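What follows is a short report on a single structure.
Derivation of every value follows stated rules applied to the coordinates shown; laboratory data play no part. Because the structure is a prediction, the values reported are computed rather than measured. Heads up, the Cβs are rebuilt from the backbone with ideal geometry, glycines too, and the neighbour counts pull from every protein chain shown.
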Amino acid sequence: MVNNNRMVCNPETGICGDAGEEGMQMIDFSKPKKSVDLYYVTDPICSHCWAIEPQLRRFFEQYGDYFNVHTVMGGLLEKWDGGFADVKNGIAGPSDVAGHWREVGEQTRMPIDGSLWHDNPVASSYPPSRVFKVIQKYDENLAPVFLRRAREAVFAFNENIADENVLIKLVDNLNLDGEKIVKEAELPAGKQLLNEDLQLAGSLGVRGFPTIILVNEDNKGVKITGGRSLEYYINGLKQVLETEELQPKQQPTLPILLGKEKMLFSKEIEVMYDIEQKDVETFVEKELSDVKYESKELLGETYFAIT
């Protein structure tokens, strides 16, 4: 039986100079060996997973040469049982999730609407999880893009990503055959792909999301549960690599990043480039002077999108 208590999000645990010596120098441009496996256990409707997108994006962009990422679906919500109630945590049904989602959005500034829990609740996170797994089978690079689009849809734009038509539209927008992939996800083979992830998550000892597990070549690792700061993930990587120094890559320029992501919220730009919220608009206008984009507001937060 699925543990629906995990739908409750706890706000308490939410969970770059010296130019060097003058003259000729030898510089090693070789990339570090990817000696670490990073397991990211998550779920499409995990609100704290949405909330840590700014930190994880920068971590992956700057330190990704050190590890191989394995995104694992954890199965947050299989279904709502008719008799389910969690009065202690304020959850007596789907509609009670809305307040928890809005709280996470307000505290982390990754906007969450959440009102769908009142009038069009997500019945299960398994359908989008299975679609992720089918896409991952065909194209590992497109799977995380789908996951991002699905999260934008459900958290920011209040779309029910358990709905077949919503899933088809999201997949179609990746230039894939949405109807075919969504149908495949509901076949026994599609369900088995998700079951394998659920078993892996269980073998890793994961009970809550997000969970990041870093494992080195000696099969020793660090488990990080809950939404954490960028520095927290960097320190975890240092620990499994048994080093005090890492060589991060330069952040991608904003035109490159936005070109890839298509849409970014202010908080994501702030975290990526170490700037204050009040300076974001000026920064974006300067960096995107040759790029066609639009800025809009959603739930009190600004987002920028390629046009």
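Quick look at the values:
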{"quantity": "Mean projected area in nm² (Cα convex hull; one quarter of hull surface) for the stretch 31-203", "calculated": "11.1 nm²"}
{"quantity": "Rg/Rg_globular for the stretch 141-207, with Rg_globular taken as 2.2 N^0.38 Å and Rg from C-alpha atoms", "calculated": "1.22"}
{"quantity": "Rg/Rh ratio calculated on Cα atoms of the chain (Kirkwood radius)", "calculated": "0.97"}
{"quantity": "Simple label model, 7 Å out from Cα along Cβ direction - Lys33 to Asp81, nm", "calculated": "4.9 nm"}
{"quantity": "P(r) weight above 15 Å for the stretch 258-298, C-alpha pairs, percent", "calculated": "37 percent"}
{"quantity": "Stokes-Einstein D in µm²/s, Kirkwood radius over Cα pairs - the stretch 152-191 at 4 °C with 1.567 mPa s viscosity", "calculated": "123 µm²/s"}
{"quantity": "Stretchable slack from Gln107 to Lys169, in nm (0.36 nm times residue separation minus alpha-carbon distance)", "calculated": "19.3 nm"}
{"quantity": "Sum of side-chain charges, Ile275 neighbourhood, beta-carbon under 12 Å (Lys, Arg +1; Asp, Glu -1)", "calculated": "-4"}
{"quantity": "Gyration tensor (Cα) of the stretch 208-307, equivalent ellipsoid semi-axes in angstrom", "calculated": "33, 16, 12"}
